[in-house]
Structures are given as C-alpha cells and as structure tokens.
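Engineer: For reference, the structure I am asking about is given below.
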C-alpha cells in the first residue's frame, strides 16, 4: 500500500497559491526530500499530512491515518529551566494526546519508551532534565518520540536546523536506519540537502507555486531549477555534493545548499 498519496492537491491562501495540481505517491521505505525557499509551502505540506491544515482542493491519504505518523519538528534549543525528563518527552509520542492513562498500560508504555530510547542511543540520559541536554541530545530524543508509536510515515520538518555537522549526520542516520529496517516512508523537509543526499530517493522541489518531483539527478540540475525559479541557475557537483549558484529569488536556497559544501 502507498504510504502517502496526494491527488490534484492545491493549497492556497486568498490569492496566493503555494502549490496546485500536486500528484504525489510516497512508497513504504522511500526517502523524499522536500526543498524550496522560505514561504514555498514545505511546512504547510507537513501540516496537511498531519491533518492540521485542509487542502484547498484535491485529496490526501496517509496509510494508517494520523496515528501512523511520527513527527520530528524543527530543532530548537529548549529552555535550561525545563525539568521534563528525556523519557517523559519520548513518552508523549505515545499518549501526549490522551488523559487518564490507566495502570494497565504503564508496563507496556515503559517497555516501548525504553526501546525507542535505546534505538537512538539515548538511554544514558533518559532520566536527565531535557533543558540541560545539548541540541544534538535533544534532537535524538525527538527522533525517539517520533519512533515510539511505531510509525509507517515519518514527517521531518527541518530536523537538522542549528545542528553541527556531526549531529546532522547522527540524526540523518537514525532516521534512515528506521526507514531501512521498518520500511517507514520519510518526508524530510530541509534547506540543507547535502547532509542527506546519499539517503534521498526522490526530491519534491517547491518554488512560487510551481514544483518538480524526481530523483536528485532529475531535479537538482541547472535546467530544472532555472525553469522553477524563472531565472538562470547553475548547479554543479563537487566531491559528491551539490552547489547551486543563482540570483534573486534563488539566493537564499544557494546559501543553504552551498554552506555544507564550503565547510
């Protein structure tokens, strides 16, 4: 069964169209990177799939429904005064939306939380206040929170934001490990393609109401990006990384995609 299916999907706000006529099937175990400049509708797509934002027209289907989704939000450092423990944060992925969890569920809950913590290498700080953990450690816990419900789909909204290169690699590999071992479909919103480029099966690129879907080779090339941005864009590969050089509306995307390659 297809993990995610969009047919004739349109999302607009008043006269502003983020995307229209989007047909997209994401298969189990597929890694789809979602790219585009700020305001192109990447996070809005996550909200549609989470059931938080209705489509303007068209249909969307997620295999197993909303309960089958694991969600990793943008990485943001948590306040140091936050005393919630690591295992408590992970447990919210199981029952954060319910009240009055019964005693008969506690043992199963503990087993599942411990398994999720172990799967991301976070057992050693499971009982530490999350406000005292590093950004990389906090993001490991967010991955565990997304995994604890045994999802068929993982929605990752810029999970590498503000992480250093080492932690970008760790978080990316944890997500990829899950999709390879469990056949979980991954939608990965990012401004930084190069850290996940070896993992990506296809790319959905959104720009000013237009979009392209295809393999990285089919989308991340000078001709396709020039058509999307409607301005000359040059794409070159250096040591298995992609560098994008453009102007105007493409400058922001250029900055993010080249930052990793230049470091």
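Engineer: If a residue must be out of contact with any strand residue (DSSP E or B) (no Cβ under 8 Å at 6 or more places or on another chain), modelled with pLDDT of 90 or more and not in a strand (DSSP E or B), how many such residues does the range 187-207 contain?
Structural biologist: Total meeting the criteria: 2.
Engineer: For the range 5-20, which residues satisfy the criterion of being closer than 16 Å to residue 52 by Cβ and touching a residue at least 12 places away in the same chain (Cβ under 8 Å)?
Structural biologist: If the condition is that a residue be closer than 16 Å to residue 52 by Cβ and touching a residue at least 12 places away in the same chain (Cβ under 8 Å), then 6, 9, 11, 18 are the ones that fit.
Engineer: Continuing with this model, one more query. What about residue 25, is it without any contact (Cβ under 8 Å) to a residue 24 or more places away in the chain, out of contact with any helix residue (DSSP H, G or I) (no Cβ under 9 Å at 6 or more places or on another chain) and part of a strand (DSSP E or B)?
Structural biologist: Answer is yes for this residue.
Engineer: Which of the residues spanning the range 127-136 are surrounded by 19 or more Cβ atoms within 10 Å (Cβ to Cβ) and not in a loop (DSSP other than H, G, I, E, B)?
Structural biologist: Residue satisfying the conditions is 130 alone.
Engineer: Right, here's the next one. Mind checking which residues of the range 152-169 are part of a helix (DSSP H, G or I) and either surrounded by 17 or more Cβ atoms within 10 Å (Cβ to Cβ) or at positive phi (or both)?
Structural biologist: Residues satisfying the conditions are 167, 168.
Engineer: Mind checking which residues of the range 28-57 are surrounded by fewer than 17 Cβ atoms within 10 Å (Cβ to Cβ) and assigned to a strand (DSSP E or B)?
Structural biologist: Selection gives 57 alone.
Engineer: Which members of the range 113-126 meet the condition of being outside any helix (DSSP H, G or I) and either modelled with pLDDT of 95 or more or crowded, with 16+ Cβ neighbours inside 10 Å (or both)? So that I can check it myself, show each step before the final result.
Structural biologist: We begin by selecting, within the range 113-126, every residue outside any helix (DSSP H, G or I); these are 120-122, 126.
Across the range 113-126, the qualifying residues are 120, 122, 126.
Engineer: How many residues, within the range 161-174, are closer than 22 Å to residue 44 by Cβ and either touching a strand residue (DSSP E or B) at 6+ places or on another chain (Cβ under 6 Å) or modelled with pLDDT of 90 or more (or both)?
Structural biologist: Total meeting the criteria: 0.
Engineer: Yes or no: the range 58-75 includes at least one residue that is in a helix (DSSP H, G or I), at pLDDT 95 or above and under 21 Å from residue 147 (Cα atoms).
Structural biologist: no
Engineer: I'd like to know if the range 221-230 contains one or more residues that are under 13 Å from residue 33 (Cβ atoms) and at pLDDT below 95. Before the answer, list the steps.
Structural biologist: Narrowing the range 221-230 to residues under 13 Å from residue 33 (Cβ atoms): none.
Scanning the range 221-230, I find no residue that is under 13 Å from residue 33 (Cβ atoms) and at pLDDT below 95, so the answer is no.
Engineer: It is to be established whether one or more residues within the range 97-109 are at pLDDT 90 or above and touching a helix residue (DSSP H, G or I) at 6+ places or on another chain (Cβ under 8 Å). Walk me through it before giving the result.
Structural biologist: Our first condition is that a residue be at pLDDT 90 or above; within the range 97-109, this holds for none.
Within the range 97-109 (the criterion being at pLDDT 90 or above and touching a helix residue (DSSP H, G or I) at 6+ places or on another chain (Cβ under 8 Å)), the answer is no, since none of the residues qualifies.
The values are calculated or read from the model by the stated rules, or taken from the named source; none is laboratory data. Bear in mind that the values here come from a model prediction, so they are computed numbers and not experimental data. Positions of Cβ are backbone-derived with ideal geometry, glycine not excepted, and every protein chain shown enters the neighbour counts.
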